[in-house]
Amino acid sequence: MKRKKREAIRCIIFDLDGTLFDAPYDWAKIKQILEVPEGEGILSYIEKLPDKTKIEKMHMLKTIEEEATRKGKLKGGVQELLGELKRKGIKRVLLTNNLLRNVRYIARKYRIDFDMVITREMGMTKPGNAAILYILKEFGLNKDEVILVGDSIYDVEPANLSKISMIIVGEIPLKGNFMRVKDIAHLSELLLSENN
């Protein structure tokens, strides 16, 4: 019986915060400040609020995110990984629930770029999978040619919904059908050896 050959990876979708970039977010404290009920996501909670309250909470969140972005730092090896993927012709997409303004700040500061950037302003936030479906369509890809790289359940859920491969970076205790790497160095080793 012949074994089906795995499709070549043509696109890597990266999460930002916690995956490529370390920012000092204390999510429990942020949820407390924003009065987010237990078990609910920040963005989904704020989205349901009356307009005036929604605007106030979004402004508070924006301020917290901008401050954390200014204090954060790019993880070691990210620039090299992105450069090597670009050299190999592999699409590099950033999919984040963060703001475009913060992504631009990081991209300028660390001189990194992506073939596509999707932020929450586009209305395709995680854990939904609308952004992944959009990426597949825009680049003419099938699900076997894409890997999502992230660090949280907000990354696992859209990967599962879209039936694409997933790699978790770090030691966060998540269960599921995905690969796990310790850090960016191990991620680079895995991704670049798979695409020689």
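Just so you know, all these numbers are worked out from the coordinates, no wet-lab data involved. Values in this document were obtained by computation on a predicted structure and should not be read as measured data. Every residue, glycine as well, gets a Cβ built from its backbone with ideal geometry; the counts of neighbours run over all protein chains shown.
Let a ≥ b ≥ c be the square roots of the eigenvalues of the Cα gyration tensor of region 27-71; is it rounded (a/c under 1.5), or, if not, prolate (a/b larger than b/c) or oblate?
Numbers: a/c = 2.40, a/b = 1.31, b/c = 1.84.
Verdict is oblate for region 27-71.
Among Asn129, Asn177, Asn142, determine the one that fluctuates most according to a GNM of the chain built with springs between C-alpha atoms less than 10 Å apart.
Asn177
Please work out the FRET efficiency for the pair Lys86 and Lys62, using the Cβ-Cβ distance as r and a Förster radius of 41 Å; give the result to the nearest 0.05. It would help to have the intermediate numbers written out before the result.
Details: r = 30 Å, r/R0 = 0.74.
With R0 = 41 Å, the Cβ-Cβ based efficiency is 0.85.
Roughly how many nanometres apart are two label points built 7 Å out from the Cα toward the Cβ at Lys29 and Asp144?
Inter-label distance under the simple model: 4.8 nm.
Here are some pairs, Lys86/Lys109; Lys48/Lys73; Lys29/Lys86; which of them have Cα atoms lying more than 30 Å apart in this structure?
Values: Lys86/Lys109 19 Å; Lys48/Lys73 32 Å; Lys29/Lys86 38 Å.
Pairs exceeding the cut-off: Lys48/Lys73; Lys29/Lys86.
Can you compute the helix-only [θ] at 222 nm over the chain? Use -39500 (n - 2.57) per DSSP H run of at least 4 residues, normalise by all residues, nearest 500 deg cm²/dmol.
The per-residue figure over the chain is -13500 deg cm²/dmol.
Kindly put Asp15, Asp144 in sequence by how many other C-beta atoms sit within 10 Å of each C-beta, fewest to most.
Asp144, Asp15
For Lys163 paired with Leu100, estimate the spin-label separation in nm (one decimal), with each label point 7 Å from Cα along the Cα-to-Cβ line.
3.3 nm
Per Stokes-Einstein, at 4 °C and 1.567 mPa s, what whole-number D in µm² s⁻¹ belongs to the chain, with the Kirkwood radius over Cα pairs as the hydrodynamic radius? If you can, show how the numbers build up before the last one.
Details: Rh = 17.5 Å.
Using the Kirkwood radius from Cα pairs, D works out to 74 µm²/s.
Can you give me the relative contact order of region 31-157 as a percent, contacts being Cα pairs under 8 Å and 6 or more apart?
With pairs under 8 Å counted, the relative contact order is 16 percent.
Take the cross-link list Lys143/Lys175; Lys62/Lys126; Lys54/Lys163 and give me the ones stretching past 25 Å between alpha-carbons. Please report the intermediate quantities before stating the final value.
Working: Lys143/Lys175 21 Å; Lys62/Lys126 17 Å; Lys54/Lys163 33 Å.
As for pairs spanning more than 25 Å Cα to Cα, those are Lys54/Lys163.
Rounded to the nearest 5, what % of DSSP beta bridges with both residues in the chain are antiparallel?
Beta bridges within the chain, antiparallel portion: roughly 10 percent.
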